[in-house]
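Notes follow the structure.
The values are calculated or read from the model by the stated rules, or taken from the named source; none is laboratory data. Just so we're clear, the structure is a prediction, and the values are computed from it rather than from any experiment. Please note: Cβ atoms are built from the backbone with ideal geometry, for glycine as well, and neighbour counts cover all protein chains shown. Just so you know, the surface numbers come from the protein's heavy atoms only, side chains and all, with ligands and any DNA or RNA stripped out. Shrake-Rupley method; radii C 1.70, N 1.55, O 1.52, S 1.80 Å.
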Amino acid sequence: MSGEQWAKQRVQELQALLQKASIAYHVYDAPMMEDSVYDRLYRELQELESAYPQLITPDSPTQRVGEKPATQFQTVPHRIPLYSLENAFNLEELRDWQERLLRVLGRSPEQGELDYVCELKIDGSALALTYVNGLLERGATRGDGQAGEEITQNVRTIRSIPLRLAVTDPPPVLEVRGEAYLSIAEFERINQERRSAGDPPFANPRNCAAGTLRQLDSRIVAARKLSFFAYTLHWPEGWGAGDPPQTQWECLQQLKIFGFSTNPLSQVCRGLGEVSQFYEQWRAAKFPYASDGVVVKLNRLRLQEEAGFTQKFPRWAIALKYPAEEVPTRIRAILASVGRTGAVTPVAELDPVPLAGTTVSRASLHNADRLRELDVHIGDTAIVRKAGEIIPEVVSILKELRPADAVPYALPRHCPECSTPLTRLEGEAVTRCPNPQCPAKLRGQLQHWASRDALDIEGLGEKLVAQLVEKLRIHTVADLYYLTPEQLQGLERMGSRSSQKLVQAIQNSRQQPWERVLYGLGIPHVGVVTAKTLASHFPSPDRLAQASSEEIAQIYGLGAEIGEAVAAWFADAEHRQLLQALQALGIPAAPAQEVPAVARVLAGQKFVITGTLPTLSRAEAKTWIESRGGKVTASVSRQTDYVVVGAEAGSKLEQAQQLGIPLLTEAELLALDPTAEFGDPHHRQG
Ligand code: IVH
């Protein structure tokens, strides 16, 4: 297929899909896709159409402002059309926009920075309000920008919209525009109510606001607390005694004077430097309402007028959108990736695409069931989402865009790493490689062991781990501790310094506490939190190895699944071997025991020990005395304060009796420290 033939087909597909999406959104308030997905496909269509202008048809979604409004309400023409905004998805696109703006205004950068007003882009529904002699006469939706739906009854229910302007000498006619929106709290309340009533919930606050405004029964509208931020004022030409507003900023002030609420975070910004600061300041913020970006508007109205409009957009304003959470992109290939537990995950390799601040080129397809559900083909356009996970996921497939040569995909039957036949247990979603020696598993285990929450070994990344397994024949995590800098130096990108540093980092990790080691072992179902809980109940590997699954399951917050998983892991001979190998290396490090400070009750006193004591060895008794400040000497003299006597005492007992030195049994000795516990002297050792 030639480039143009391909483009023609793609343009037609995109046009059809976007048109469908647009009608679903505008006419039925039932969006088919996320805005970010729409935006990106729209952009692709725009680009193709500008490369091949002969492909533009008058009904392309790029050739009109919106779809016709639904018919329930009366359609009314707007006295002044409502424009939509061009989008910029990053600061570079914002700079391009300013460059064009400067060109249109015939300004050179030497003439100084332009002033902009930055406002939050509120994700609601635009309203056009008309006031006649100070009274709210009409409220209308945006519709297609030229004509909207007359919804005055509903608009009157919005408390932040004044029914009468708050001035004594109102203009004969005033046009105000702004955004009707729902607070997130109110949106959630409405959805809760709908769920209990068995109605489907709204997808987001914007749909909820739009749907509410187009309710035929204004009592329902009143019960849902819509709000309104005003952002555009059309000052009647030649009206008023004083000076009309000269800037967007003054318009916002005047709107407040008229009694409208305006967004309090709006700000005048000098040049794009301050604009980008504003954007950075708010892009990660949480507001009580939905906001999907920042609207940047040229402040001077006279300059706005000079800049004018394109067919669709004002040249003097742009929406700088926050990074998208969902985007469409093409699946180039699908790989089966084997993880540390042997789980085989299909991973899509994508045309790289920016998503929520990073460039994404891989996305998880989860498992065989998911593959079948999505009916994934190589070559498909997938919608990819980032949802807190490190690796994004494919949420859906745009089947409308499936090319004729797309190839269906299913998981392989054999492990792509070691060719062992894969297994899938009844009732389990996961397909696994059962080979305990599978190199992919080992790589995953090593990486998990080195990860931040486990042994936290810096410098042990994916590529290096692969080399350790392949070239240095590392078999277990314990093998890491025998690596030498010389061995590492033979590997790719490892110099002498980095090799030494890594060996040092590996050795340092031996000091990590038991809970991290436990997490690092990668026992199924044992995450960071569970590892902590387990480690606090079973303070050593031996203690945990002895615990039964029931014993573990009983611990608050754990349960049977974890109990069984842990007990099964410790029952495995290979795992026990690994624990032994680690223990030989001093892993986990013996806990720095919390010993209550021992009072130095025996300070300055001299002891002699003779005979065999009932519970303490000679050495233990010595430690016990010394840790309390006493001294133990070998022979009895006049300086001796006490002689501790056990069974079969010899000459020292006689000497003590001769010198009249007090004799102590072991129990009497221990009683010298009133804080000591009898019967368990080991606990009191310092
Ligand atoms: S100004 C010619 N300011 O965003 C001026 N629009 O994507 C056009 N919106 O249809 C609008 N917050 O519904 C403007 N502070 C704001 C806005 C805002 C939200 C909406 C509005 C508009 C859409 C364009």
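Among the conditions (1) within 13 Å of the ligand (Cβ to nearest atom); (2) open to solvent by 70 Å² or more (accessible area, probe 1.4 Å), the only one that Thr232 does not satisfy is (2).
Scan the range 509-525 residue by residue and report those that are assigned to a loop (DSSP other than H, G, I, E, B) and either over 19 Å from Ala478 (Cβ atoms) or among the charged types (D, E, K, R) (or both). Give the steps one after another, and end with the answer.
Of the range 509-525, the ones assigned to a loop (DSSP other than H, G, I, E, B) are 512-513, 521-525.
Within the range 509-525, Pro524, His525 qualify.
Evaluating Val394 against the criteria (1) out of contact with any Pro (no Cβ under 7 Å at 6 or more places or on another chain); (2) on the phi < 0 side of the Ramachandran plot; (3) modelled with pLDDT of 95 or more leaves one unmet condition, (3). Pairs are defined by a Cβ separation below 8 Å, a sequence spacing of at least 6 or placement on different chains, a first member in the range 564-582 that is touching a residue at least 12 places away in the same chain (Cβ under 8 Å), and a second member that is among the small types (Gly, Ala, Ser) and loosely packed, with under 15 Cβ neighbours inside 10 Å; the pairs so defined are Ala567/Ser548.
Here are some residues: Ile609, Ile661. Which one is more than 30 Å from Pro513 (Cα to Cα), outside any loop (DSSP other than H, G, I, E, B) and either aliphatic (A, V, I, L, M) or modelled with pLDDT under 90 (or both)? Outline the logic, then answer.
Details: Ile661 fails: outside any loop (DSSP other than H, G, I, E, B).
Criteria check complete, one pass: Ile609.
Restricting Leu94, Leu82 to residues that are away from the ligand (no atom under 14 Å from the Cβ) and crowded, with 19+ Cβ neighbours inside 10 Å narrows the list to Leu94. In the range 152-163, what count of residues is obtained for those that are free of Cβ contacts under 8 Å to residues at least 60 places away in the same chain and surrounded by fewer than 20 Cβ atoms within 10 Å (Cβ to Cβ)? Total meeting the criteria: 2. Restricted to the range 28-51, and to residues there that are under 17 Å from Ser396 (Cα atoms), part of a helix (DSSP H, G or I) and not acidic (Asp, Glu), the residue that is most open to solvent (accessible area, probe 1.4 Å) is Arg40. Residue count for the range 191-226 satisfying the condition of being open to solvent by 30 Å² or more (accessible area, probe 1.4 Å) and within 16 Å of the ligand (Cβ to nearest atom): 2. Quick check on the range 625-669: of everything there that is within 17 Å of Gly604 (Cα to Cα) and basic (Lys, Arg), which residue is least open to solvent (accessible area, probe 1.4 Å)? Only one residue tops the list, namely Arg628.
If you go through the range 283-309 and pick out every residue that is away from the ligand (no atom under 11 Å from the Cβ), over 35 Å from the mean Cα position of the chain (by Cα) and closer than 22 Å to Asp39 by Cβ, you end up with 0. Checking Gly112, Gly143 one by one, the residue that is within 16 Å of the ligand (Cβ to nearest atom) and modelled with pLDDT under 95 is Gly143 and no other.
Name the pairs: first residue in the range 415-430 and touching a residue at least 40 places away in the same chain (Cβ under 8 Å), second residue open to solvent by 80 Å² or more (accessible area, probe 1.4 Å) and part of a loop (DSSP other than H, G, I, E, B), Cβ to Cβ under 8 Å, at least 6 apart or on different chains? Filtered contacts from the range 415-430: Leu422/Arg413; Val430/Arg424.
Take the range 531-553 and flag every residue that is in a helix (DSSP H, G or I) and open to solvent by 20 Å² or more (accessible area, probe 1.4 Å).
As a first pass, look at the range 531-553 and keep what is in a helix (DSSP H, G or I): 531-537, 541-546, 549-553.
Once the filter is applied, which keeps residues that are in a helix (DSSP H, G or I) and open to solvent by 20 Å² or more (accessible area, probe 1.4 Å), the range 531-553 yields Lys532, Thr533, Ser536, His537, Asp542, Arg543, Ala545, Gln546, Ser549, Glu550, Glu551, Ala553.
Of all the listed residues (Asn191, Asn207), the sole one being of a type in the set (S, T, N, Q), at pLDDT below 90 and in contact with a Cys (Cβ under 8 Å, 6 or more places away or on another chain) is Asn191. The C-beta contact set for the range 285-298 (first residue outside any strand (DSSP E or B), second residue near the ligand (Cβ under 10 Å from one of its atoms), distance under 8 angstrom, 6+ apart or interchain) comprises Phe287/Leu120; Ala290/Ile122; Ala290/Asp123; Ala290/Gly124; Ala290/Tyr181; Ala290/Arg206. Considered as a group, the residues in the range 97-109 that are under 22 Å from Lys321 (Cβ atoms) and open to solvent by 40 Å² or more (accessible area, probe 1.4 Å) include one that is nearest to the ligand (Cβ to nearest atom), and that residue is Arg100.
Of these, Glu149, Glu179, Glu186, which one is within 16 Å of the ligand (Cβ to nearest atom), open to solvent by less than 40 Å² (accessible area, probe 1.4 Å), within 21 Å of Thr262 (Cα to Cα) and among the acidic types (Asp, Glu)?
On the way: Glu149 fails: within 21 Å of Thr262 (Cα to Cα); Glu186 fails: within 16 Å of the ligand (Cβ to nearest atom).
Testing whether each residue is within 16 Å of the ligand (Cβ to nearest atom), open to solvent by less than 40 Å² (accessible area, probe 1.4 Å), within 21 Å of Thr262 (Cα to Cα) and among the acidic types (Asp, Glu) leaves just Glu179.
The set of residues in the range 305-332 being open to solvent by 30 Å² or more (accessible area, probe 1.4 Å), modelled with pLDDT of 90 or more and not charged (D, E, K, R) consists of Phe309, Phe313, Trp316.
Cβ-Cβ distances below 9 Å connect the following pairs, each with a first residue in the range 80-99 that is under 22 Å from Gly148 (Cβ atoms), a second residue that is among the polar types (S, T, N, Q) and within 16 Å of the ligand (Cβ to nearest atom), and a separation of six or more residues or different chains: Pro81/Gln146; Leu82/Gln146; Leu82/Thr232; Glu86/Thr310.
Every test in (1) in contact with a strand residue (DSSP E or B) (Cβ under 6 Å, 6 or more places away or on another chain); (2) over 30 Å from Phe187 (Cα atoms) is passed by Ser60 save one, and that test is (1). Residues that are open to solvent by less than 60 Å² (accessible area, probe 1.4 Å) and within 13 Å of the ligand (Cβ to nearest atom) within the range 235-265 comprise Gln248, Cys251, Leu252, Leu255, Phe260, Ser261, Thr262, Asn263, Leu265, listed in sequence order.
Restricting Pro416, Pro412 to residues that are touching a helix residue (DSSP H, G or I) at 6+ places or on another chain (Cβ under 9 Å) and open to solvent by 30 Å² or more (accessible area, probe 1.4 Å) narrows the list to Pro416.
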